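Let me begin by presenting the structure, written as structure tokens, before commenting on it.
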Amino acid sequence: MKNSKIIGLTLVISFMILSACGTQPSVSPSNTPTAVPPKLVEARQKIKHVIIIMQENRSFDHYFGTYPGADGIPMVNGVPTVCSNDPVTGQCIKPFHDPSDINYGGPHGMAAATTDINGGKMDGFVQSVMDGRQNYCADPKTPGCTSKEQGPDAMGWHDAREIPNYWAYAQNFVLQDRMFEPSASWSLPAHLFLVSGWSATCSNPDDPMSCKNDINNPKQAVAGGNKEDYAWTDMTYLLHKYNISWGYFLTEGIEPDCENDQMFCNQQPLALDVPSVMNPLPNFTTVHDDLQLNHVRPTKEFFESLKNGSLPAVSWIIPEYGVSDHPATSILAGQNYVTDLINKIMQSSEWDNTVILLAWDDWGGFYDHVVPPSVDANGYGLRVPALVISPFAKKGYVDHQTLSFDAYLKFIEDIFLDSQRLDPMTDGRPDSRPTVRENSPLLGDILNDLDFNQTPLPSLILPIDPTPGPASIEGT
């Protein structure tokens, strides 16, 4: 162990010396030279675009807890065998079908995750809601603060009656039932992991070695400024280094989440040039240094790139509040927005060589029964819904691999970067991240959700404002 630390320190120092001399060491794209698996060779030939659509604040059980074949809500004869204690009434509230288009959920920060998980009992969700109302509902007229229908709706679940298009994507492509938020915390850490594999606070924006773990309150930009607070290395650094095109597309409007992990707040604007919870890239030193700020673009330009054949290799798509699925917005509005995005991708010439990764950034305080596994000091958090939509996706497949947003980074790195990782020992820009999350032995591989030998799946153009689907459980 001591020798390995010395070797690691030597490598970091070597990188720093070489960088100071204006040169870069010759870096093998992967840590250990190995033969490229045939499936990865084929993937690199056939996949030209990876599109990540990131929605907001839903748990897996909340959207797919009754989906056939998935690891859903434990039931016997259609009746849940699990419940969450209500500290006010003393009752234990079972998961229930919630037909409401508007949900409120609960707190979703580190403290709430600890309460929800409750040492592995997974029964603290109602307690978290009550705690959240006490902390954030000084005005009882605040939406969500007086919701009493069937107990706190954090225990509610939906099926094809409310979200028929999401279920149609699962039936026709791939549903991942062990996609965990990368850390047990709220939206900002989740989005930082999404683009960089880490969430931290840095004491010096010019020194990536000054950054330390922080999944609770990572340092943000000062009000009204573009301060470069995030000094560690993000995925755009590697994409720029290897000349791989990328775009981070925003629907400008109202930011979906609060500026902390609270349930309700005075909402802030979501804009291209303003660093924020959903738009962290303008805060990264690498993005500034590489002159890449213009890659944060309006969503309308994503649609234009579909039409003119200029779609980047890697795209992230971020919604504004009204279509984000975030409580307390209409889930139908969110589904319609996602459907329109996917319809336009499928109707373009890019569909034939594209993989769409659709997920929700954190659990939003909604019930989930699966205990998150431990991967390192930072995670994982609770499960979120996730789908893989592509001509190469295995039709109707439920993927039971353990995954997090680290798998998205790994997939992008494998397809476009010759498997180079965000690894301070090999990526040419040392930072102080404690682990290379993409290399975790626990982490699954999105390639397993694809089949390049099958007849490519056709596009699935779904209606906007779809009619409700069937109930997943008789009698509900």
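The values are calculated or read from the model by the stated rules, or taken from the named source; none is laboratory data. Just so you know, these numbers come straight off a predicted model, no measurement behind them. In this analysis, Cβ positions are derived from the backbone assuming ideal geometry, glycine residues included, and neighbour counts consider all displayed protein chains. Ligands, DNA and RNA are excluded from the accessible area calculation, which covers all protein heavy atoms including side chains. Shrake-Rupley method; radii C 1.70, N 1.55, O 1.52, S 1.80 Å.
Structure above, values below:
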item	result
Those residues of region 284-323 which are open to solvent by 30 Å² or more (accessible area, probe 1.4 Å), closer than 16 Å to I342 by Cβ and touching a residue at least 60 places away in the same chain (Cβ under 8 Å), in sequence order	V323
Region 115-160, residues that are at pLDDT 85 or above and of a type in the set (F, W, Y)	F125, W157
Residue among L272, L281 that alone is out of contact with any Phe, Trp or Tyr (no Cβ under 8 Å at 6 or more places or on another chain) and either open to solvent by less than 50 Å² (accessible area, probe 1.4 Å) or aliphatic (A, V, I, L, M) (or both)	L272
Residue in region 121-135 that is in contact (Cβ under 8 Å) with a residue 12 or more places away in the chain, in a helix (DSSP H, G or I) and open to solvent by 70 Å² or more (accessible area, probe 1.4 Å) present	yes
Members of region 436-449 found to be in a loop (DSSP other than H, G, I, E, B) and free of Cβ contacts under 8 Å to residues at least 60 places away in the same chain, listed by number	P441, D445
Index of the failed condition, T426 passing every other in (1) open to solvent by less than 30 Å² (accessible area, probe 1.4 Å); (2) within 20 Å of L40 (Cα to Cα)	(2)
Pairs, first within 17 Å of W167 (Cα to Cα) and among the polar types (S, T, N, Q) in region 450-476, second open to solvent by 90 Å² or more (accessible area, probe 1.4 Å) and in a loop (DSSP other than H, G, I, E, B), C-beta under 7 Å, six or more apart	S459/Q347
Residues satisfying the stated conditions in region 61-88, i.e. more than 18 Å from A168 (Cβ to Cβ), open to solvent by 20 Å² or more (accessible area, probe 1.4 Å), in contact (Cβ under 8 Å) with a residue 24 or more places away in the chain and part of a loop (DSSP other than H, G, I, E, B)	D71, P74, G78, V82, C83, P87, V88
Residues within region 217-269 that are modelled with pLDDT of 80 or more, open to solvent by 10 Å² or more (accessible area, probe 1.4 Å) and either under 26 Å from W363 (Cβ atoms) or hydrophobic (A, V, I, L, M, F, W, C) (or both), tallied	3
Test: residue in region 413-420 that is in a loop (DSSP other than H, G, I, E, B), at pLDDT below 95 and crowded, with 19+ Cβ neighbours inside 10 Å	no
Pairs with Cβ under 7 Å, 6+ apart, first in region 331-356 and under 16 Å from L387 (Cβ atoms), second in a helix (DSSP H, G or I) and β-branched (V, I, T)	G334/V323; Y337/V323; W351/I345; T354/I345; I356/I342; I356/I345
Yes/no for P33 being of a type outside the set (A, V, I, L, M), at pLDDT below 95 and in contact with an Asp or Glu (Cβ under 6 Å, 6 or more places away or on another chain)	no
Residue in region 36-43 that is open to solvent by less than 10 Å² (accessible area, probe 1.4 Å) and under 19 Å from the mean Cα position of the chain (by Cα) present	no
Single residue of T467, T402 found to be open to solvent by 40 Å² or more (accessible area, probe 1.4 Å) and among the polar types (S, T, N, Q)	T467
Selected residue (criterion: farthest from T476 (Cα to Cα)) from residues of region 101-114 that are at pLDDT below 95 and in a loop (DSSP other than H, G, I, E, B)	G109
Selection count where residues are over 19 Å from the mean Cα position of the chain (by Cα), in a helix (DSSP H, G or I) and surrounded by 24 or more Cβ atoms within 10 Å (Cβ to Cβ), scope region 154-204	2
Set V371, V398, V355: member being over 17 Å from F193 (Cα atoms) and in contact with an Asp or Glu (Cβ under 7 Å, 6 or more places away or on another chain)	V398
Some residue of region 365-384 being surrounded by 24 or more Cβ atoms within 10 Å (Cβ to Cβ), aliphatic (A, V, I, L, M) and under 25 Å from H49 (Cβ atoms)	yes
Residue in region 385-395 that is surrounded by the most Cβ atoms within 10 Å (Cβ to Cβ), counting only those that are out of contact with any Lys or Arg (no Cβ under 8 Å at 6 or more places or on another chain) and assigned to a loop (DSSP other than H, G, I, E, B)	S390
Sole residue being closer than 30 Å to M209 by Cβ and of a type in the set (V, I, T), chosen from T339, T299, T354, T286	T286
